[in-house]
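Read the structure below first, then the notes.
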Amino acid sequence: MPKLLFVRPLTSDEKDALQQIMAGQNRALKQRALIILLSSEEQYRVPEIAPMVGLHVDKVRKWVVRFNKSGIKGLQPPRRKPGPRGKFDPDARLKIIELASTPPRQLGLLRTNWTLDSLREYLLTNEIVPEISRESLRQILVQSNVNWQRYRSRSTEVSLWLQQWKTGASN
């Protein structure tokens, strides 16, 4: 038979902190505080608490174990994505977006639209950013709703030639 799991006896400071959490606005923290109070103060078992709070027994067990190990701090969610945040400052992001919104021909390039590779190469060659991956560049552009491939501008002369070719080809 599995061992019954309960929250350890609460200190008065912990009980006060849990009651403050229950009076707060954060629904997830309130749910966790309720789990701890039900287990410690009322001696409800994990399988009894789960349907009361609308969680799976494994989740309830997780919060009880975390509280027993780390106290109130154990109820806080862990940092979701480890690693550095925001590698590019707002100025660098703005410059990237500005460049992606500029037709390459206006910058003296012999192309009508950007690709991620060509934009990345331009950024690195002109030392706008020290390094950037294709995926980071793509994410910056997507988050900013920038369509980097939209420029297929033609001079009026080229448009005239194409029109003449199309009308001449249909004869």
At q = 0.10 Å⁻¹, base-10 log of I(q)/I(0) for the chain (Debye sum, equal scatterers on each alpha carbon): -0.64
Within the chain: Cβ-based charge dipole about Cα centre, in debye rounded to nearest 20 (Lys, Arg +1; Asp, Glu -1): 420 debye
Rounded to the nearest 20 debye, dipole of the range 12-75 from Cβ charges on Lys, Arg, Asp, Glu: 340 debye
The range 95-136: trypsin sites (Lys or Arg not before Pro) in DSSP loop, at most 16 other beta carbons within 10 Å: ARG111
Ranking of THR167, THR112 by count of other Cβ atoms within 10 Å, fewest first: THR167, THR112
Under 15 Å, Cα to Cα: Lys pairs in the range 12-75, sequence gap 8 or more or different chains: 5
Per-selection Kirkwood Rh - the range 12-75 (Cα, Å, 1 d.p.): 11.5 Å
Sequence-separation-based contact order of the range 90-151, relative, with Cα cut under 8 Å and 6+ spacing, percent: 43 percent
Order of LEU107, LEU123, LEU18 under a 10 Å beta carbon neighbour criterion, fewest first: LEU107, LEU123, LEU18
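Assuming 0.36 nm per residue, please report the length gained on full extension of the stretch LYS166 to SER136 beyond their Cα-Cα distance.
Numbers: separation 30, 0.36 × 30 = 10.80 nm, distance 4.12 nm.
Using 0.36 nm per residue and subtracting the Cα-Cα distance, I get 6.7 nm.
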Karplus-derived 3J(HN,Hα), 6.51/-1.76/1.60, for each residue of the range 36-52, Hz, glycine and proline x: 5, 5, 5, 6, 7, 7, 9, 6, 6, 7, 3, x, 7, 6, 3, x, 5
DSSP-loop GluC sites (Glu not before Pro) across the range 66-148, with at most 13 other Cβ within 10 angstrom: GLU127, GLU131
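Since every read-out is calculated from the coordinates, none of them should be taken as a lab result. This is a predicted model, so every value here is computed, not measured. With ideal geometry, Cβ positions are generated from the backbone for all residues, glycine too; neighbour counts draw on all protein chains shown.
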